[in-house]
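Step one of this worksheet: look at the structure below.
Derivation of every value follows stated rules applied to the coordinates shown; laboratory data play no part. The structure displayed is predicted, hence computed values, not measured ones. Don't worry about glycine lacking a Cβ; one is built from the backbone with ideal geometry, like all the others, and counts go over all protein chains shown.
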Amino acid sequence: MSFSHRLCQYCTPLFIFLVFLCFQTLKTDPLLIQCFCDQAHVEHSKAAESNDKRSEIFAANCMDDVFATTGIRWYINGSFDPRKTYWSSAPTNYSNGRVAQRLIMMGPLLPLLPLLPLLPHRILWLLPSQIEFELMYSGRYTGLRVIHARYAQTSSIQNALLDRLRQELVDIEAAGTFKQERVIHSSQESEIIVKNQRVLNFCANNYLGLSNHPSVVKAAKESLLARGFGLSSVRFICGTQDIHKQLEQAISQFHQTEDTILYPSCFDANAGFFEAILGKQDAILTDELNHASIIDGIRLCKAERHRYKHMDMEDLEVKLKQTQHCRTRMIATDGVFSMDGDVAPLKQICDLADRYHAHVFIDECHATGFFGDTGRGSDEYCGVRGRIEVINSTLGKALGGATGGYTTGPKEIVEILRQRSRPYLFSNSLSPPVVGASLHVFQMLKKTSEFVDTIRRNTHRFRDQMIKAGFTLKGSRDHPIVAVMVGDARLASQLADDMLKRGIYVVGFSYPVVPKGQARIRVQLSAAHTLENIDKAVDAFVDCGKIHNVIGIP
């Protein structure tokens with residue numbers, strides 16, 4: 001803090017006394033101008049997310065012909081700018097016969113306030129704040145009254161936030177992590193239109209290729225015509241249609257669970273789960289790389305929070321031992337982690353949960369519908385169906401890709417969520433077209449395994465060819481999320497741009513989404529991709545990889 005800031009901060013309690021003293025000296029008629037201030041209060045508070053300090057002095061009005069300070073406020077910012085002090089050009093007439101001239105003073109030198117009538121009308125100070133005064137003249141008395149106080153430079157307060165955010169955006173762009181939104185001019189399919197160019201899409205969550213499947217679109221249209229576009233209500237008022245209950249039953253049958261509750265998104269499902277189920281006497285043990293929605297949901301909960309190292313069962317066991325005093329312990333993990341495509345060791349997690357009497361919660365957004373022998377998810381893939389108490393997942397990825405999420409599990413847990421889960425209670429119901437289309441998707445998966453078989457075939461083909469070409473990949477061989485490691489953030493962005501020029505739409509991911517130094521291109525395969533599409537993508541990776549020298553990067 002500068003010297004003048006400190007001068008203002010520490011000298012302001014003396015202000016009223018100095019005003020009185022100076023006006024005693026400067027009086028122009030026999031009658032003494034007195035200053036009686038009933039009270040003065042100084043308050044300092046720290047403005048949010050900045051170094052600004054706010055000081056306020058309030059002095060009560062005095063009686064009649066005495067000098068009165070009615071209110072002084074000033075704001076001290078961490079930077080100085082040249083500002084002028086000036087008289088207003090037009091005086092203000094008052095009904096009581098007094099004539100006042102307005103003075104705008106900027107700066108912390110408030111103890112010099114009574115000397116202003118002796119100073120030149122225009123002076124230059126390096127001052128950060130602005131205060132407006134009136135000098136009042138009458139036949140016998142001179143008075144000085146603060147009529148308004150405001151900040152001189154709007155950017156110093158109102159725009160301080162924007163200035164900081166602008167700099168952060170500059171820093172993000174300089175680091176090569178600025179995220180651009182490429183506009184798509186087509187439906188979401190394996191081939192899309194971007195920048196007037198038809199490209200192959202290898203970055204969507206459209207794992208089963210159902211986002212624009214004709215029968216799914218038809219089901220959405222039928223629900224739209226039969227039950228309308230929306231319900232304009234939450235579920236417990238008038239937002240539950242028969243198809244909402246049918247969809248919940250279909251999801252329960254799909255996962256072989258007792259009951260299901262629908263949410264606008266899986267982010268809402270995760271945000272609304274932990275707070276409703278767990279309290280201060282409980283504990284949550286969460287993988288350090290869990291999805292942001294799980295992290296945010298846990299933050300809302302009052303239970304103890306313990307993070308264990310990513311998929312580290314020894315560390316998880318340590319945390320389980322440390323929390324044996326807790327009433328209920330919940331192990332929370334992604335079934336499949338979205339940045340690497342690695343699968344949580346659910347068998348070991350369930351074994352530890354049984355040993356230490358804990359419960360298991362998994363997020364299946366990147367598994368439901370396509371992972372495992374019949375597409376039931378990572379619990380099926382790991383052979384632990386029936387051992388997972390709670391499954392949260394989404395309708396917005398493989399299952400049509402629109403929107404919607406859910407929690408499925410024991411009926412007691414689901415019923416408590418209906419009573420307490422805030423995102424459920426205070427969010428509109430899922431739109432009927434989404435519900436109708438999603439219900440149709442579950443019926444499709446019940447009838448055929450074609451989509452699951454195709455995505456598995458495409459995944460193996462792409463992974464095998466990329467490894468043969470010399471690329472370093474992360475994730476499970478059986479999962480359609482393939483992390484092609486690049487290392488440098490800027491390099492990942494450049495590689496993605498060059499891939500787009502060759503007709504392959506992929507996206508680079510870097511810090512803070514992934515750890516520093518582990519930037520990658522995340523490829524997501526779809527059942528809608530043909531073998532020719534996959535071969536073209538591999539060829540483009542090889543060409544661009546040679547240009548940017550990323551083949552073989554660990």
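What to note about this one:
- Förster-model FRET efficiency, 45 Å R0, R305 and K446, C-beta, rounded to 0.05: 0.70
- Full extension of the chain segment joining F426 with I193 gains 80.2 nm, where the gain is 0.36 nm per residue of separation less the Cα-Cα distance.
- Peptide packing: for 230-238, 202-210, the average count of neighbouring Cβ atoms within 10 Å per residue gives the ranking 202-210, 230-238, highest mean first.
- Taking other C-beta atoms within 10 angstrom as a stand-in for reagent exposure, F370, F254 fall in the order F254, F370, fewest first.
- In straight-distance terms, cross-link reach from K221 covers every one of the lysines whose alpha-carbon lies under 21 Å from its own, apart from those fewer than eight places away in the same chain; here that gives K245, K397.
- Three-way shape label, segment 352-476, alpha-carbon gyration tensor, a/c 1.5: oblate
- Taking each of K195/K447; K179/K446; K302/K347 in turn, the alpha-carbon distance tops 31 angstrom for K195/K447; K179/K446.
- Counting every other Cβ atom within 10 Å of each residue's Cβ, I298, I521 order from fewest to most as I298, I521.
- Separation of segment 408-458 and segment 318-379, taken as the distance between their Cα centroids, equals 19 angstrom.
- For segment 347-362, putting each phi into the Karplus relation 6.51 cos²θ - 1.76 cosθ + 1.60 with θ = phi - 60° gives couplings of 5, 5, 5, 5, 4, 5, 4, 5, 5, 10, 6, 10, 10, 10, 10, 10 Hz, in residue order, rounded to whole numbers and with x for Gly and Pro.
- Anisotropy class of segment 269-312 from Cα gyration tensor, a/c 1.5 cut: oblate
- Derived scalar couplings ³J(HN,Hα) [segment 487-500; Karplus, 6.51 cos²θ - 1.76 cosθ + 1.60; whole Hz; x for Gly, Pro]: x, 8, 5, 5, 5, 4, 5, 5, 5, 5, 5, 5, 5, 5
- For H291, the residues whose amide H sits under 5 Å from its own are D334, ignoring neighbours fewer than 5 places away on the same chain, with H placed 1.01 Å from N.
- Likely footprinting exposure, D478, D287, fewest C-beta neighbours within 10 Å first: D478, D287
- Sequence-ordered 3J(HN,Hα) estimates for segment 275-283 from the Karplus curve with 6.51, -1.76 and 1.60 and θ = phi - 60° stand at 4, 6, 9, 10, x, 4, 7, 10, 9 Hz, glycine and proline given as x.
- Placed amide H near R307: partners under 5 Å, 5+ positions off or other chain: T286
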